[in-house]
1. Got a number for residues in segment 359-393 being without any contact (Cβ under 8 Å) to a residue 40 or more places away in the chain and among the acidic types (Asp, Glu)?
2. Being surrounded by fewer than 18 Cβ atoms within 10 Å (Cβ to Cβ) and not basic (Lys, Arg) is the filter; apply it to segment 364-381 and report the residue that is nearest to residue 296 (Cα to Cα).
3. Can you list the strands (runs of 3 or more DSSP E) found entirely within segment 30-126 that contain at least 2 residues being touching a strand residue (DSSP E or B) at 6+ places or on another chain (Cβ under 7 Å) and surrounded by fewer than 23 Cβ atoms within 10 Å (Cβ to Cβ)?
4. Restricting the first residue to segment 467-496 and requiring it to be touching a residue at least 60 places away in the same chain (Cβ under 8 Å), which pairs with a second residue that is of a type in the set (S, T, N, Q) meet a Cβ separation below 6 Å and a spacing of at least six or different chains?
5. Looking for whichever is hydrophobic (A, V, I, L, M, F, W, C), assigned to a loop (DSSP other than H, G, I, E, B) and crowded, with 20+ Cβ neighbours inside 10 Å here; the options are 426, 470. Which one fits?
6. Just wondering, is there one or more residues in segment 244-264 that are of a type in the set (Gly, Ala, Ser) and crowded, with 22+ Cβ neighbours inside 10 Å?
7. Please go through (1) within 23 Å of residue 55 (Cβ to Cβ); (2) touching a Gly at 6+ places or on another chain (Cβ under 8 Å); (3) modelled with pLDDT of 95 or more for residue 97 and return the number of the only condition it doesn't satisfy.
8. Those residues that are of a type in the set (D, E, K, R) and in contact with a helix residue (DSSP H, G or I) (Cβ under 7 Å, 6 or more places away or on another chain), I need them from segment 458-475; list them, please.
Amino acid sequence: MVEHTRRTVLRSGGIAVASVPLAGQISPAGAEAAAGTEPITVGPGDSRYRSLVLRGYNRRFEGRPEEIRVAMSTEDVVRAVERAVRTGRRVAVRSGGHCFENFVDDPSVRVLIDLSGMTEVDYDRRRKAFMVEAGATLGEVYRRLYVEWGVTIPGGTHPDVGVGGHIAGGGYGVLCRRDGLSVDHLYAVEVVVVDRTGKVRSVVATREASDPHRDLWWAHTGGGGGNFGVVTRYWFRSPGKQAALPKPPGTVLTFSVDWPWAKLDQETFVRLLRNYGEWGERNSAPGSPMAALYGEFVCSSRPSENVTLTGQVVTDSGAERILADLTGALHRGLDLRPEPKTTTMPWLHATRYGFGGGPAPFYRIKIKSGYRRRRFTDAQAAVAHEQLTRPDFDYGHFFINTYGGRVNAVAPGATAVAHRDSIFKIGYLVGWEDAKDDDRNLAWIREFYTKVYAASGGVPAEEGGFGAFINYPDADLADPRQNESDVPWHALYYGDGYARLQRVKARWDPRNVFHHALSVRSA
């Protein structure tokens with residue numbers, strides 16, 4: 001178990017690395033003595049360098065770090081950060097590598113800490129919580145938690161995403177309408193931080209009211225990654241329960257419904273989105289029986305053949321009745337009534353497939369986001385139809401994911417996730433292969449976004465849909481040429497919680513060691 005000493009030796013490229021005790025607070029000196037070996041360090045002359053640099057998801061950005069430190073333990077991270085601080089070099093951290101902006105893969109980053117070696121999932125008897133190392137992927141976390149303990153966390157849909165950044169940004173996915181966000185079950189976090197004197201240490205912060213480090217825990221319940229330090233471990237335990245997390249369903253009903261673009265003129269498309277939005281307005285309250293359903297309405301631009309709604313319903317909730325309620329609502333007033341394709345499968349099997357479309361890994365990517373408190377207006381839906389059917393464009397996506405339910409039962413200030421009154425999470429995504437097409441694709445997605453939110457300065461700052469999702473980071477929101485509203489980028493991401501995040505930043509990262517284009521700034 002976690003509180004006991006574990007020692008394993010791994011070899012990579014002829015370098016032996018020891019994993020040492022994983023419990024408690026660690027000082028740099030203690031870490032050095034305990035580990036006894038140096039972590040894996042890869043530089044530009046190493047044959048492994050290129051592979052590690054290219055682990056990032058978005059090919060628009062490519063870093064050129066002087067060294068990549070592949071951490072196998074918290075102690076490795078402490079030493080890597082200590083070395084970066086001592087030599088005055090900018091440091092960044094990567095877990096799964098799915099960041100959409102250049103927060104990690106930036107030429108100014110000289111030391112890259114790679115957490116892909118920290119993948120342990122275990123049960124900590126002392127904390128009565130489930131421990132997950134920050135380099136583990138969601139797919140592996142789901143598998144280990146379920147197979148070994150029969151529980152899960154309500155996280156994201158892509159099995160290859162690393163938990164490090166996913167949890168820090170809030171963590172949402174298929175079960176969030178039923179069980180809340182991942183951070184609603186976060187009990188503790190271990191973070192490697194740097195104080196005002198430059199001393200590096202690891203700190204464990206919990207949600208206990210008596211914990212003097214509680215503010216650091218709170219900041220990692222939606223405050224975003226790369227802001228306060230390097231997260232090395234998370235502990236999960238549902239509030240008010242001892243040693244408990246949600247039990248996933250044994251089986252789920254997966255479904256997909258396709259509407260051919262050839263039969264979706266603007267009027268029909270607008271009506272379809274209106275129907276979907278109205279269903280969400282009726283069925284997204286906490287405790288709604290329809291919270292057993294999760295859906296992703298993915299509108300890929302033509303020449304894609306179809307607009308598709310995919311998702312799943314918890315089987316023992318009356319899945320067929322719930323799905324029939326949704327499809328009946330979608331087809332209200334329409335002659336087009338495609339039948340859903342359905343399959344009942346074990347929950348763990350379903351989690352391995354993921355959802356939705358989008359560019360393959362290693363494309364050049366740009367993403368934008370928004371939340372919806374109410375459905376899109378018909379005028380906004382018409383903008384979507386116009387952008388998605390442009391004859392001069394061929395690879396963009398617009399998706400509307402179900403949200404709300406149990407997510408909205410938590411007060412905004414209880415975690416750093418500010419958007420606790422929304423019913424949909426919205427995404428605008430474009431991917432392409434060649435750098436020569438950068439301007440065309442960026443222009444398309446920026447025009448799309450600006451037109452949808454034309455009434456609120458080109459950003460989601462309207463009453464019907466306020467805010468953006470920090471795990472879909474968009475540096476355009478901090479650019480006055482793209483954000484013409486009077487709402488700053490940090491209010492869109494964090495609402496009124498930003499001032500509190502600034503105080504956490506001032507306390508735990510006073511030297512601003514951890515920063516990027518949208519990082520929290522000290523007050």
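The values are calculated or read from the model by the stated rules, or taken from the named source; none is laboratory data. Note that the coordinates shown come from a computational prediction; the quantities given were computed from them, not determined experimentally. Here Cβ is always computed from backbone atoms with ideal geometry, including for glycine, and neighbour counts include all displayed protein chains.
1. Adding up the residues that qualify gives 1.
2. In the first step, residues of segment 364-381 are kept if they are surrounded by fewer than 18 Cβ atoms within 10 Å (Cβ to Cβ); the result is 374, 378-379.
Adding the requirement that they be not basic (Lys, Arg) leaves 378-379.
On the way: 378: 19, 379: 21 Å.
This residue is 378.
3. On the way: elements: 40-42, 67-70, 91-94, 111-114, 121-124.
By residue number, 121-124.
4. 468/369; 469/369; 472/369; 476/482
5. Numbers: 426 fails: assigned to a loop (DSSP other than H, G, I, E, B).
Just one listed residue meets the conditions, 470.
6. To start, the set of residues in segment 244-264 that are of a type in the set (Gly, Ala, Ser) comprises 244, 250, 256, 262.
Filter again for crowded, with 22+ Cβ neighbours inside 10 Å, leaving none.
Within segment 244-264, none of the residues are of a type in the set (Gly, Ala, Ser) and crowded, with 22+ Cβ neighbours inside 10 Å.
7. (3)
8. Of segment 458-475, the ones of a type in the set (D, E, K, R) are 462-463, 474.
Within segment 458-475, 462 is the sole residue that qualifies.
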